[in-house]
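Engineer: Submitted below is the structure of interest, expressed as structure tokens.
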Amino acid sequence: MNKKLLLLGAGGHCISVLDSIMSLNEYTDIRIIDRKELLGQQVLKYSISGTDEDLPKLREKGYNSACVTIGDNFLREKLVCLLEDLNFKLPSFIDPSAIVSPYSEIGEGVFIGKNAVINAGSSIGKGSVINTASIIEHNCTVEEFVHIAPGSVLCGDVSVKKNTHIGANSVVREQITIGPDSIIGMGSVVVTNISSKSIAYGNPCKER
């Protein structure tokens, strides 16, 4: 069966996602979509061969599944909404090296990278990224369009609200809530709740 897939976005995050997808051996026909000026450039063994304007035509040609391979939360949400309007399916991709509890919940369009761990009772919302070697402990809630950057740890019962970015190698103490639209700087140690639309960083992590 010739399974077709579109990837939207050809930057660094695309490399990580595409590498994981290739290792799954589920798709025989993959096309990368990005800006017109990037057409013909290569990402691993695939060329950028279309733009957003081509999506309706590609949908008609049988490319009915798509993945947004962009790290920026707000742009990822915008493109997911576009794909939904065009009736694309939004599969989630889990790298074979990741450990995901069967007692967790994974939404549509999620990417879980190499050596990441999702423990029992946790839920990952639509369009979120759980990047390389991140740990989501038991009973955590990661809402839609969140990016948990490489090496980060959410201890038990943490809640990360929509469109938040957790910087690389950050640690979030158990039972902490991080508000929507926030940015936690890399290497932070979060020991108190963080309000919405905050930029916070440091050890201990403080809103700035």
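The values are calculated or read from the model by the stated rules, or taken from the named source; none is laboratory data. Remember, predicted model here, so these are calculated numbers, not experimental data. Here Cβ is always computed from backbone atoms with ideal geometry, including for glycine, and neighbour counts include all displayed protein chains. The area values use the complete protein model at the heavy-atom level, side chains included, leaving out ligands, DNA and RNA. Shrake-Rupley method; radii C 1.70, N 1.55, O 1.52, S 1.80 Å.
Engineer: Which of 144, 60, 26 moves most in a GNM of the chain, Cα contacts under 10 Å?
Structural biologist: Result for the chain, Cα springs under 10 Å: 60 fluctuates most.
Engineer: Relative to 2.2 N^0.38 Å, what does the C-alpha radius of gyration of the stretch 1-120 come to as a ratio? Two decimals please.
Structural biologist: Scaled against compact globular proteins, the figure is 1.04.
Engineer: Seen from all sides and averaged, what is the projected area of the convex hull of the Cα atoms in the stretch 115-208, in nm²?
Structural biologist: 4.5 nm²
Engineer: Beyond 21 Å, what percent of the Cα pairs of the chain remain?
Structural biologist: Counting pairs separated by more than 21 Å, the tail of P(r) holds 51 percent.
Engineer: Using the Karplus curve 6.51 cos²θ - 1.76 cosθ + 1.60 with θ = phi - 60°, what ³J(HN,Hα) values do you get for each residue of the stretch 18-31, in whole Hz, with x for Gly and Pro?
Structural biologist: 4, 4, 5, 4, 4, 6, 7, 6, 9, 10, 9, 9, 10, 10
Engineer: Under 5 Å between amide H atoms, partner at least 5 residues away or on a different chain: which partners does residue 26 have, H built in plane at 1.01 Å?
Structural biologist: It is none; the list stays empty.
Engineer: Which ³J(HN,Hα) values, rounded to whole Hz and listed in residue order, are derived for the stretch 174-180 from phi using the Karplus coefficients 6.51, -1.76 and 1.60 in 6.51 cos²θ - 1.76 cosθ + 1.60 with θ = phi - 60°, glycine and proline given as x?
Structural biologist: Residue by residue, the stretch 174-180 yields 4, 6, 8, 10, 10, x, x Hz.
Engineer: Hey, another quick one. Just to be sure I understand: of the beta bridges DSSP finds with both ends in the chain, what percent are antiparallel, rounded to 5?
Structural biologist: 10 percent
Engineer: Let me ask something else. Around residue 120, with a cut-off of 11 angstrom between Cβ atoms, what is the net charge of the other residues, counting Lys and Arg +1 and Asp and Glu -1?
Structural biologist: Charge balance in the 11 Å sphere: -2.
Engineer: I've got another one for you. Which one, 127, 43, 71, projects farthest toward the positive side of the charge dipole computed for the chain from Cβ point charges (K/R +1, D/E -1)?
Structural biologist: Final value for the positive-end residue is 43.
Engineer: Carbon-plus-sulfur fraction of the accessible area of the stretch 82-137, 1.4 Å probe, in percent?
Structural biologist: Here it works out to 53 percent.
Engineer: While we're on this one: Please identify, among 164, 69, 28, the residue showing maximal mean-square fluctuation in a Gaussian network model of the chain using a 10 angstrom Cα cutoff.
Structural biologist: Of 164, 69, 28, the Gaussian network model singles out 28 as fluctuating most.
Engineer: Same structure, new question: At R0 = 30 Å, how high is the FRET efficiency between residue 177 and residue 108 if r is their beta carbon distance? Nearest 0.05 is fine.
Structural biologist: Efficiency computed from Cβ-Cβ geometry: 0.80.
Engineer: Next up: Using 0.36 nm per residue, how much length does the chain from residue 75 to residue 120 gain when fully extended, once their Cα-Cα distance is taken away?
Structural biologist: So the extension gain works out to 13.2 nm.
Engineer: Go through 169-182, 111-124 and give me the packing order, highest mean Cβ count within 10 Å leading.
Structural biologist: Going from most to least packed, we get 111-124, 169-182.
Engineer: Please compute the net charge surrounding residue 45, taking Lys and Arg as +1 and Asp and Glu as -1 over other residues with Cβ under 15 Å from its Cβ.
Structural biologist: That works out to -1.
Engineer: If each residue of separation counts as 0.36 nm, what is the full-extension length gain between residue 15 and residue 193 once their alpha-carbon separation is subtracted?
Structural biologist: Additional length available on full extension: 60.7 nm.
Engineer: What is the magnitude of the charge dipole of the stretch 1-127 about its Cα centre, with +1 placed on the Cβ of each Lys and Arg, -1 on the Cβ of each Asp and Glu, and no other charges, expressed in debye to the nearest 20?
Structural biologist: In debye, rounded to 20, the stretch 1-127 gives about 240.
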